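For reference, the structure is listed below as structure tokens.
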Amino acid sequence: MALIETENCTLRYSAGTPFEREALHDVSVSIEEGEFVGVIGHTGSGKSSFVQLLNGLLKPESGRVLLDGRDIWESPKEIRKVRFEVGMVFQYPEYQLFEETVFKDIAFGPHNMGLSDEEIRERVVTAAEWVGLKAELLEKSPFELSGGEKRRAAIAGVMAMRPRVLILDEPTAGLDPRGRDLILNRIRAYQQEFHTTVLLVSHSMEDIARVADRVLVLNNGSVAMFETTDRIFSQAAELENMGLSVPAVTKIFAKLRERGFAVPDSVYTVETAKAALLTLLKGGADNAV
């Protein structure tokens, strides 16, 4: 059984007014426990609306959102509990830091869960370690941190709640390549350690290609594709028709195929590109002999 799923969910903004807009139309998606799912789509495709349905920040006009097979809106007064199980990291989460110290900011979620002081401290320290924050930073004001450290502190605050589903909306936006790589590596390591279900919303095809097991493609509020990462990025023409791109390395290999080189069509990371080129070069050397 899926851990979290949507059944025929439709969502409209400003319903019944001249500004009415359908954000999602008949969206049905099923995500298994422990999956790492990338969510992509052009601006306005419904990505943020979709992920906000999953933790009850938005309520579908029709259809259901199920967590462990149970409608999250079955008991509206308990929707807050869902948000402890389905944690959300918004874009530029560092703007939401507000406590006196980094420790208190990370502890905010666990404290609201009613955990003991001992459990809260353990979770804060562990989450800080997972995102690469040094222990001495925990007693500093969050506003003394660098931009990348603030981002990691905000992510740690959601991780500290140990949600079964972790949703991240553009977590690497605005970061330099080193900062982006650090956060992605930490998120992937966390997901593998705790077998957490992760949904990563991103405009970066390279980021999605590196970490996602499956990719959900939204187009004009509907599900256009939901397949394994390699199958998604092997459909470059279809993605481009939706205003999307593919990783730069995938484009390079497409050009190589056009020129007659025997390279695979499922290359979408630097690592797979390296392996494919080594195989090609080895084949050329063998033929030369």
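Summary table
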{"item": "Extension gain (nm, one decimal) between D176 and S266, 0.36 nm per residue minus Cα-Cα", "result": "29.7 nm"}
{"item": "Pairs of lysines in the chain (C-alpha under 28 Å apart; 8 or more residues apart or interchain)", "result": "20"}
{"item": "Tail weight of P(r) past 20 Å, computed on alpha-carbon pairs of segment 135-195, percent", "result": "28"}
{"item": "Per-pair calculated FRET efficiency, R0 = 30 Å: T10 and M113 via Cβ, rounded to 0.05", "result": "0.40"}
{"item": "Where the Cα pairs of segment 93-181 fall when distances are cut into 5 Å bins, in %", "result": "2, 16, 28, 26, 18, 8, 2, 0"}
{"item": "Within the chain, percent of DSSP bridges classed antiparallel, to nearest 5", "result": "55"}
{"item": "Average projected area [Cα convex hull, the chain], square nanometres", "result": "18.4"}
{"item": "For segment 247-289: Kirkwood Rh in Å [reciprocal of mean 1/r, alpha carbons]", "result": "10.6"}
{"item": "Value of [θ]222 nm, deg cm²/dmol, for the chain, DSSP H segments ≥ 4, -39500 (n - 2.57) each, nearest 500", "result": "-12500 deg cm²/dmol"}
{"item": "Convex hull of Cα atoms in segment 166-266, direction-averaged projection (nm²)", "result": "7.4"}
{"item": "Net length gained if the chain between S30 and S141 were fully extended (0.36 nm per residue, minus Cα distance)", "result": "35.9 nm"}
{"item": "Near-label residues of segment 226-250 by backbone N, under 20 Å of a point 7 Å along Cα→Cβ of R21", "result": "242-244"}
{"item": "Contour minus Cα-Cα distance for H42 and D213 (0.36 nm per residue)", "result": "59.5 nm"}
{"item": "Segment 4-66 - Debye-derived log10 I(q)/I(0), Cα point model, q = 0.23, 0.28 Å⁻¹", "result": "-1.00, -1.34"}
{"item": "Distance between modelled label sites at Q96 and E122, nm, 7 Å Cα→Cβ extension", "result": "2.6"}
{"item": "Mean-position separation - Cα centroids, segment 79-143 and segment 207-272, in angstrom", "result": "35"}
{"item": "Segment 30-118: mean projected area of Cα convex hull, nm²", "result": "8.1"}
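Throughout, read-outs are computed from the coordinates displayed, never taken from laboratory work. A quick note: this is a predicted structure, and the numbers were derived from the prediction, not measured. Cβ coordinates were reconstructed from backbone atoms using ideal geometry, including for glycine residues, and neighbour counts include every protein chain displayed.
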